[in-house]
Amino acid sequence: MTSRRPALSITVLNSAPVARPASHTATVRNAAVPEQTPHRAVPPVLGADLEVPVKGGRLVRYANLDNAASAPCLVAVNDAVAAALPAYSSVHRGAGYASQLTTTRYEQARHTVRAFAGARAGDAVVFTRNTTDAANLLARSLPEGTTVVVFDTEHHAALLPWGEPVRLPAPEFPGTAIRAADEALAAIDGPKLLVVTAASNVTGELWPIAALAHIAHRHGARIFVDAAQLVPHRPLNITALDLDYVAFSGHKLYAPFGAGALIGRPDWLSAAEPYLRGGGASAAVTVGAPGVVDTEWSADPEQRHEAGTPNVLGAIALAAACDALTATGWTTLIAHEERLLGVLRAGLARIEGVRELSLWGPDHPRVGIVSFIVEGWTAREVAEALSAEYGIGVRDGRFCAHPLVGHLLGGTGPCGESGAVRASIGAGTTAEHVDRLLTALSDLVSRR
C-alpha cells in the first residue's frame, strides 16, 4: 500500500528546510496567515512594467484589464515556485530528502488552500487543473440517479459537465433565482445537486449563495459553487456559508501554473470511481486469474482522485497566492478594487453609445468585472483598436457563457453576434489604466 506520510520530519519556514531524522511526521507552519492591517499595499504582479508596441511604432506600458480571463503572476507566487524548484522531486512515495521536502510543501499547500477557503476540517481538497476540471471531477463522482439543477447563466465550466440537468432560465432578480431553485428542487426525488456561480464572469454580479445553500439543504440537496471569479476579489468561507462543494482556478488567482482545487464533503468523492486510474490512486494491485487485475482504490478522496504525478509547483503557486492575498488583507484589496471599479463604471456611463451589461441592475453588488458594448463597433473591433492603438488588453466575445451573454444582448445585431467587451480589474490595475481605457473609448466613439 502506498503512503502519503514522509519518512522524515521536515519543517518548512520561509523555504528553509530542516531535517530531523528521529520522527516520522511533517510539520506544517504558517499555513494560514492572519489578516493584516488595511494600510498594506496590494501585492505586486510580474509584468507591471511590460511595454507593448502600438500604432506608429511607439512602446507604451501595458494596461492589463483582462484579469478575469487569467490574472498575472504575483511576485510572491513566482518567488515561492523559484524557491521550490531546486529541491523539486516526486511526492508521497520517495524516501530521499528532496522527495520528502517536496511532499511536505505539497501537503502544506493543501492545508493552506483549505484554510483560505474556510473549509471544514474534514473537507477534501483535491488539486485539479482548473475549475472546469474540478466540475467534471464532481460530475463523475455523483451518486447514481443524482439530478443536477443549474442556471443558464453559468460559465460553461459549470454549465456543461452534468449530462442532462434541469436548466433554469436567467433570473430577473436575485429573489427570482432563489424561488426558481426552491421550486425545481422541491419537484425532484432522490439525490440532487444545485450548481451556481458565486460571481458572474460576465457582469461581476454577486449571487446569493448563502440563501441558495439554505434552500438546497432544506430540500435534501447539495450545492456546488463555482468560485473562480469570487476568490480573487472577496474572501470565501465554506463553513460559514454552509456550502458542500466549491471549485476555483489558480490562473484566476494570480497563480498561472496550471492548478485548481475542488473542495468539499468527502463522502461522494470517496465512494466514486477514481477520476483517473493509475499510480497514487490505487492502494493495492494484484494479478489474479489470467488477464484479471484486482485493484483496491485508495479510500482517501484526495489520493483517490490525484492519480499520477501531480502538479506540485501549481499547488505551491496556488497556496502562495492564497497566503499573499490573506497577508495583504481583504480590506485593502476590496478598497483598491472598488475605488477603480467606481471610476470605471461612472466613466462608461458618461460615454454616449456605451452600454454596460447587467443582469440585476446597476446597484447590485459586484466584483471588478464590467462588460459593455459600444454602439457602431463590434466587440472584436473595439478590443483590437484598444490593443493596437492604446496598449490596453481587454477580452471580447461571449466569455464561455454564451447563454448569459445572448440573454443580456437579446441575440440581435452585430453586437449580439460578436458578444461584448469585458474589462476586469485586479491587483496590478492602476488608476492610469482605467483612465486610459475611458479616454480610448471616448476617442473610438467619436469616430462613428
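Read the figures in this text as sums done on the coordinates, not as results from a lab. Keep in mind that what you see is a predicted model, and the values were worked out from it rather than measured. Backbone-built Cβ (ideal geometry, glycine too); neighbour counts: all protein chains shown.
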| query | Based on Cβ point charges of +1 for Lys and Arg and -1 for Asp and Glu, what charge dipole magnitude is obtained for region 329-446 about its Cα centre, in debye rounded to the nearest 20? | reply | 300 debye
| From the list (1) 39, 29, 19; (2) 47, 26, 19; (3) 43, 23, 20, can you say which value of semi-axes √(5λ) of the Cα gyration tensor in Å was derived from the structure given? | (1)
| said: Once you order the gyration tensor axes a ≥ b ≥ c over the Cα atoms, which shape class does region 157-204 get: rounded for a/c under 1.5, otherwise prolate or oblate by comparing a/b with b/c? | reply: oblate
| query | Is any residue of region 323-365 close enough, with backbone N under 20 Å, to a label point placed 7 angstrom from the Cα of Ala240 along the Cα-Cβ axis, and if so, which? | reply | 323-338, 365
| message | Test of understanding: in a Gaussian network model of the chain with alpha carbons linked when under 10 Å, which of Arg218, Arg140, Arg234 would top the mean-square fluctuation ranking? | response | Arg218
| said: Quick check: pseudo-label points 7 Å beyond the Cα along Cα→Cβ at His111 and Val60, how many nm apart are they? | reply: 4.8 nm
| Which one of Val202, Ser282, Leu212 has its Cα pushed farthest toward the positive end of the charge dipole of the chain, where Lys and Arg give +1 and Asp and Glu give -1 at the Cβ? | Ser282
| task | Would you mind counting up the charge near Thr429? Only other residues with Cβ under 13 Å from its Cβ, with Lys and Arg at +1 and Asp and Glu at -1. | result | -2
| note | Residue-ordered couplings for region 303-309, obtained by feeding phi - 60° into the Karplus form 6.51 cos²θ - 1.76 cosθ + 1.60 and rounding to whole Hz (Gly and Pro as x), are 5, 4, 10, 10, 5, x, 6
| How much mean residue ellipticity at 222 nm does the chain get from its helices, if each DSSP H run of length 4 or more adds -39500 (n - 2.57) and you divide by all residues, to the nearest 500 deg cm²/dmol? | -11000 deg cm²/dmol
| request: Round to a whole angstrom and tell me the spacing of the C-alpha centers of region 69-84 and region 172-197. | output: 38 Å
| task | Determine, from the Cβ-Cβ distance of Arg350 and His217 and an R0 of 35 Å, the FRET efficiency 1/(1 + (r/R0)^6), rounded to the nearest 0.05. | result | 0.20
| query | For the chain, what is the charge dipole size about the Cα centre, in debye to the nearest 20, if Lys and Arg each add +1 at the Cβ and Asp and Glu each add -1 at the Cβ? | reply | 840 debye
| note | Most exposed to least, judged by fewest other Cβ atoms within 10 Å, Leu160, Leu168, Leu262, Leu243 sort to Leu160, Leu168, Leu262, Leu243
| request: Determine, for each peptide in 145-151, 177-183, 222-228, the mean count of other beta carbons within 10 angstrom over its residues, then list the peptides with the highest first. | output: 222-228, 145-151, 177-183
| query | What's the exposure ranking of Lys192, Lys252, going from fewest to most Cβ atoms within 10 Å? | reply | Lys192, Lys252
| field | Antiparallel DSSP beta bridges within the chain, as percent of all bridges there, nearest 5 | value | 65 percent
| query | Fewest first, what order do Glu381, Glu302 take by the number of other Cβ atoms within 10 Å? | reply | Glu381, Glu302
| field | Theoretical FRET efficiency, 1/(1+(r/R0)^6), r = Cβ-Cβ of Val75 and Tyr97, R0 30 Å, to 0.05 | value | 0.60
| said: Tell me which of Ala271, Thr103, Val125 sits at the most positive position along the dipole axis of region 86-327, charges placed on C-beta atoms (Lys, Arg +1; Asp, Glu -1). | reply: Thr103
| request: Could you tell me whether region 329-446 comes out rounded, prolate or oblate from its Cα gyration tensor? Rule is a ≥ b ≥ c as square roots of the eigenvalues, rounded for a/c under 1.5, then prolate if a/b exceeds b/c, otherwise oblate. | output: oblate
| Taking every DSSP beta bridge that has both residues in region 86-327, what percent is antiparallel when rounded to the nearest 5? | 50 percent
